[in-house]
Amino acid sequence: MSTDTLFRRITDYANRPDPYPLYAELREHGVARQEDGAFLVGTYDEITALLHDPRVSSDVRNRDDAEELLAGEDPAAPRSFIALDDPEHDRLRRLAMRRFGPPHTPGRIDALRQDITAIAEDLARGLGEKQHIDIVDDFAFPLPVAVICRLLGVPGEDVPQVHEWADAVVAGLDFSPEEEPAERRRTALQARQAMGVYLGELARTRRERPTGDLLSQLANEDGPDGRLTDGELMSTATLLLIAGHETTVNLITNGVLTLGRHPEALQRLCDDPELMPRAVEELLRFEPPVQFLPQRTPLADIEVAGVTVPKGAPLILVLASGNRDPLRFPEPDRFRPDREDNQHLGFGSGVHSCFGAPLARLETQIALTVLLRRLGSWRLLADPPEYRRSPVLRGPRHLPVERGGGVS
Amino acid sequence: MSFDLKDGRIVIVGASLAGLRAAETLREKGFTGSLTLVGEEPELPYDRPPLSKAVLLGRAGAEDCGLPGRRSLDAHWRLGVRATGLDPEARRLLLADGEQLPYDRLLIATGTRARPWPNPEEAALDGVLTLRTSQDAARLARLLDARPHRVLVVGAGFTGSEIASACRERGLDVTVVERGRAPLIGALGGTVGAWAIRLQRAHGVDLRCGVTVTALLGRNGRLSGAELSDGSRIDAEVAVVCLGAVRNTEWLADSGLAAGPRGVACDAGCRVFTMYGIVTDDVFVAGDVARFPHPLFEYQLIALEHWGNAIAQAEVAAHNMVSPGPRRRPHLAVPSFWSSQFGLNIKSVGVPTFSDQVILAQGSPGERRLVAVYGYRGRITAAVTVDRAKWLEHYRHLIETAAPFPPGPGAADHLAGQEPVPSDVPDPRVLSHGPTVALTGHLPDWRLTLLRPAG
Ligand SMILES: Cc1cc2nc3c(=O)[nH]c(=O)nc-3n(C[C@H](O)[C@H](O)[C@H](O)COP(=O)(O)OP(=O)(O)OC[C@H]3O[C@@H](n4cnc5c(N)ncnc54)[C@H](O)[C@@H]3O)c2cc1C
Ligand code: HEM
């Protein structure tokens, strides 16, 4: 088939359960220009180089078709740093990082270990003796929002509301080219705004009366980069809430799915829980929750593997394909939980590489450890499971498993 | 053959960063024979970069900088004793205490020492010191704790600039005297040098460029001040002499190896040459003391005083010491270096002195962020970032792929209206501190040819 329809085929819902052969086709061709003028890149070295390239923008306002893309958005509204370039990106990310991790706050994530374990144990206890379990609804879905709310300091009674908004925002990303996305987008936009307003108000309260959580600290930050404006604070807090939501759900769920498909690996992990951190890295390579980055745009004509990608064209970096590049990973299509030298692209790479990676890692390691211990022996009830629509944040909508009869 | 290589006697001379990393790598690669590390300093291996940074700020003790061991070494440590000679034919290392150590393979990792103040009487004054070892750093930290009225730093290379920065951070008055036109100019050229002048002055350093210290003055055996070549005088209670480094090669003078003031020459696999340019197969070298050919820099023999290079080269040398010919690896890492001073993080990739032009590509010098890109004959050979290390990977890639200079348009946060200018890397001889990156062999910059003595 012609490679200029590759993107259409990748986004086709029919291919959601197994897009990997399409990625192999993409790698064969290096850089594939699509019928609509977008460029797909799927090889590890090229993706990594582009993710480090200062001429590659994350700000879609640099797209030739920016006007169309941004229809309905308030152009004056502050953008979150995932969608900004240097130097604004750098300043906002640095300000947020001051209170999130090293060098200024090195212990923050580790301090959450107990909280996360408690939340995961709580959810796992809720499974009781149930015979049939939906890993998504019963376990993976509630966990990340609970954790990020704890980190930010969202009061317990507000968590369900925040969860609802986060779902709507994520559903807005859950596009498929066939459908008319306007309605979904409108709902998402409203949810994002409502969440922003809520977080903004919460931050104002925290500015007067700090409570030691991340939001209080961001609101009162007075470092060398100055303070976040109210608007920046809102967009940053919203970003933190959304970015780590469905991604982490999918990683946990993909973990259970993959282990269900690889009984020997599951057995090894049950025997040797110390292997979990490396198994999670391999999961991020093998079934990454973010399959591709659809938002990049070159700021000048740039050459990628002999192909010129023109300024302003949509540039789509297929992380999940880079993760299976045989030039980088030996036996790329094998799930090897003890893989060495595993510098996968699951968290992206370069200047926008995942801000929440330490948290996501810890959360997933704990979640899978607790879950495997609580499940006892189990097996998958549906393989492949029903997937969500999104080809970007790819993951099962439900993952039914049955206790008994399987491994461990 | 390959069995033999994993056994036998290996001796490493110089028990610091390169020596330790090589020893660890040897064991990692399965070397089971006897391993001896000979080191002149009495301490176990320690890290030097903090000595001019955290230690001077009181954030770490000079004795707390020990290098963490990555694995148990099962090695004989001969610390506090100097190697004084080598008999390559009999394969024996001579030690200062008269002992002779037989070896099958030898690694030279004797690094460098601080270039001393040329006048020994003045150098002996109380309050005058250099900074290379942890003992030096402990002494300097004590002197700074006593809050001297003024510190004099002689030479504004990286070490001198970092010391000046520490002094200012501690609220001490400091005068920096540099023979060249700007701080850091020897390593980074005139453009970044000009920026460094503004940086130091903005932080209250009394910076005097184009001037030399002609005499250190004493009273009752204590330093009291200095006389400068412009006729001025300053009072100072502490003087730190930062005139660059001297390679520790004297002990090899009669060995027949290609060892001299510029270092110990080796091939791309870290095997040392004899003075006739014939490569040996049992003597290897790594770290600050090595001169090695690098393909990206036209196979000139380069010597680098870089932490990262010491590690990378030690690993390659160790690998090659226990691997048969076809398995040996070249040392091809793109050089990189960092420094922290005045609250900024300065990093470089490539060799900035290997350049004829430079352009300020990204950032905003006024706001303390900067990316300078260096080119030589139309290709990119180096980049220096100030608080923008995140872009280095990109420029490393451009250097490795010999991308055209100047870099194309379109970079985020690019500096508008910039044109390439001569990189202005001076002849090392006009500097009072040695350049941190010494390109031995011919220097590409045309200014060097201007300095040739006229007919
Ligand atoms: C103050 C300071 C700050 C620095 N900061 C940075 C920085 O920020 N970034 C960076 O990239 N690099 C920095 N460096 C450079 C870095 O520390 C060196 O590149 C590194 O130490 C080189 O390691 P080496 O093992 O090759 O040599 P060295 O560390 O010099 O070790 C050589 C050892 O050999 C011993 N020796 C010498 N002769 C003999 C002999 N004849 N017999 C036995 N033993 C002998 C010496 O006593 C010494 O212990 C800094 C250096 C100093 C001094
Ligand atoms: C398994 C879970 C996760 C995965 C797979 C994941 C993946 C990614 C990827 C691929 C990117 C790069 C986006 C780009 O380059 O455009 C990214 C960015 C980001 N992630 Fe995550 N993420 C996860 C969890 C989290 C969590 C828990 C948080 C919040 C605490 C978070 C916050 C962010 C932020 C703020 C960015 C933007 C960084 C920037 O633009 O500088 N992520 N993530």
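The values are calculated or read from the model by the stated rules, or taken from the named source; none is laboratory data. As the structure is a prediction and not an experimental result, all values here were calculated from the model. Neighbour counts are summed over all protein chains in view; Cβ atoms, including those assigned to glycine, are modelled from backbone coordinates with ideal geometry. Each accessible area value is taken on the protein alone, full model and side chains, heavy atoms only, with ligands, DNA and RNA left out. Shrake-Rupley method; radii C 1.70, N 1.55, O 1.52, S 1.80 Å.
Candidates in the stretch A:23-42 are the residues that are open to solvent by less than 20 Å² (accessible area, probe 1.4 Å) and within 19 Å of A:ASP333 (Cβ to Cβ); of these, the one that is farthest from the chain's Cα centre (by Cα) is A:LEU26. Remark: pairs (first residue in the stretch A:92-103, assigned to a helix (DSSP H, G or I); second residue aromatic (Phe, Trp, Tyr); Cβ separation under 8 Å; 6+ apart in sequence or on different chains) = A:LEU92/A:PHE81; A:ARG93/A:PHE81; A:ARG93/A:PHE355; A:ALA96/A:PHE81; A:ALA96/A:PHE355; A:MET97/A:PHE355.
Just one of A:GLN217, A:GLN267 is open to solvent by 20 Å² or more (accessible area, probe 1.4 Å), of a type outside the set (A, V, I, L, M) and within 15 Å of ligand 2 (Cβ to nearest atom); which is it? Before the answer, list the steps.
Details: A:GLN267 fails: within 15 Å of ligand 2 (Cβ to nearest atom).
The match here is A:GLN217.
The residues listed here are B:PHE342, B:PHE337; of these, the one that is within 14 Å of chain A (Cβ to nearest Cβ) and of a type in the set (Phe, Trp, Tyr) is B:PHE342. Evaluate the following for B:LEU131: is it on the phi < 0 side of the Ramachandran plot, over 19 Å from the mean Cα position of the chain (by Cα) and either outside any helix (DSSP H, G or I) or not assigned by TED's automatic domain parsing to the domain that holds B:ARG368 (or both)? Answer is no for this residue. Here A:LEU299 clears all of (1) away from ligand 2 (no atom under 15 Å from the Cβ); (2) in contact with a helix residue (DSSP H, G or I) (Cβ under 7 Å, 6 or more places away or on another chain); (3) open to solvent by less than 10 Å² (accessible area, probe 1.4 Å) except the condition numbered (3).
State which residue is most open to solvent (accessible area, probe 1.4 Å) when the search covers only the stretch A:43-62 and only residues that are part of a loop (DSSP other than H, G, I, E, B) and within 14 Å of chain B (Cβ to nearest Cβ). Within the stretch A:43-62, the match that is most open to solvent (accessible area, probe 1.4 Å) is A:ARG55. If you filter the stretch B:11-35 down to residues that are farther than 19 Å from B:VAL289 by Cα and not in a helix (DSSP H, G or I), you find that the one that is nearest to ligand 2 (Cβ to nearest atom) is B:LYS29.
Residue by residue through the stretch B:370-385, note down the ones that are away from chain A (no Cβ under 13 Å) and of a type in the set (Val, Ile, Thr).
Once the filter is applied, which keeps residues that are away from chain A (no Cβ under 13 Å) and of a type in the set (Val, Ile, Thr), the stretch B:370-385 yields B:ILE380, B:THR381, B:VAL384.
So, B:ARG219, is that one under 30 Å from B:SER364 (Cα atoms), without any contact (Cβ under 8 Å) to a residue 40 or more places away in the chain and open to solvent by 30 Å² or more (accessible area, probe 1.4 Å) or not? Even if it seems obvious, please write down each step before you answer.
On the way: under 30 Å from B:SER364 (Cα atoms): no; without any contact (Cβ under 8 Å) to a residue 40 or more places away in the chain: yes; open to solvent by 30 Å² or more (accessible area, probe 1.4 Å): yes.
Taking the combined requirement at face value, the residue does not satisfy it.
Of all residues in the stretch B:184-202, those that are closer than 16 Å to B:PRO420 by Cβ have Cβ atoms under 9 Å from Cβ atoms of residues that are open to solvent by 10 Å² or more (accessible area, probe 1.4 Å) and among the basic types (Lys, Arg), 6 or more apart or on another chain, in B:GLY190/B:ARG181; B:ALA194/B:ARG181.
Step by step: first the residues of the stretch B:9-53, then only those that are over 21 Å from the mean Cα position of the chain (by Cα) and either within 6 Å of ligand 1 (Cβ to nearest atom) or within 14 Å of another protein chain (Cβ to nearest Cβ) (or both), then the one that is farthest from B:LEU106 (Cα to Cα). Which residue is that? The selected residue is B:GLU28.
When A:ASP86 is tested against the conditions (1) within 12 Å of another protein chain (Cβ to nearest Cβ); (2) assigned to a helix (DSSP H, G or I), the lone failure is (2). Restricting attention to the stretch B:345-369 and to residues that are part of a strand (DSSP E or B) and more than 13 Å from chain A (Cβ to nearest Cβ), the residue that is surrounded by the fewest Cβ atoms within 10 Å (Cβ to Cβ) turns out to be B:LYS347. Looking across the stretch B:405-427, just one residue is within 11 Å of chain A (Cβ to nearest Cβ) and not in a loop (DSSP other than H, G, I, E, B), and that is B:HIS414.
Is one or more of the residues making up the stretch A:329-349 assigned to a helix (DSSP H, G or I) and either away from ligand 1 (no atom under 16 Å from the Cβ) or surrounded by 22 or more Cβ atoms within 10 Å (Cβ to Cβ) (or both)? Checked the stretch A:329-349: no residue is assigned to a helix (DSSP H, G or I) and either away from ligand 1 (no atom under 16 Å from the Cβ) or surrounded by 22 or more Cβ atoms within 10 Å (Cβ to Cβ) (or both).
Restricting attention to the stretch B:100-158 and to residues that are open to solvent by 40 Å² or more (accessible area, probe 1.4 Å) and of a type in the set (S, T, N, Q), the residue that is farthest from B:ALA90 (Cα to Cα) turns out to be B:ASN119. Of the listed requirements (1) more than 30 Å from A:ARG8 (Cβ to Cβ); (2) open to solvent by 60 Å² or more (accessible area, probe 1.4 Å); (3) within 14 Å of another protein chain (Cβ to nearest Cβ); (4) in contact (Cβ under 8 Å) with a residue 12 or more places away in the chain, A:PHE81 misses just one: (2).
For the stretch A:372-392, which positions are within 15 Å of ligand 2 (Cβ to nearest atom) and either touching a Leu at 6+ places or on another chain (Cβ under 9 Å) or at positive phi (or both)? Within the stretch A:372-392, A:SER390, A:VAL392 meet the criteria.
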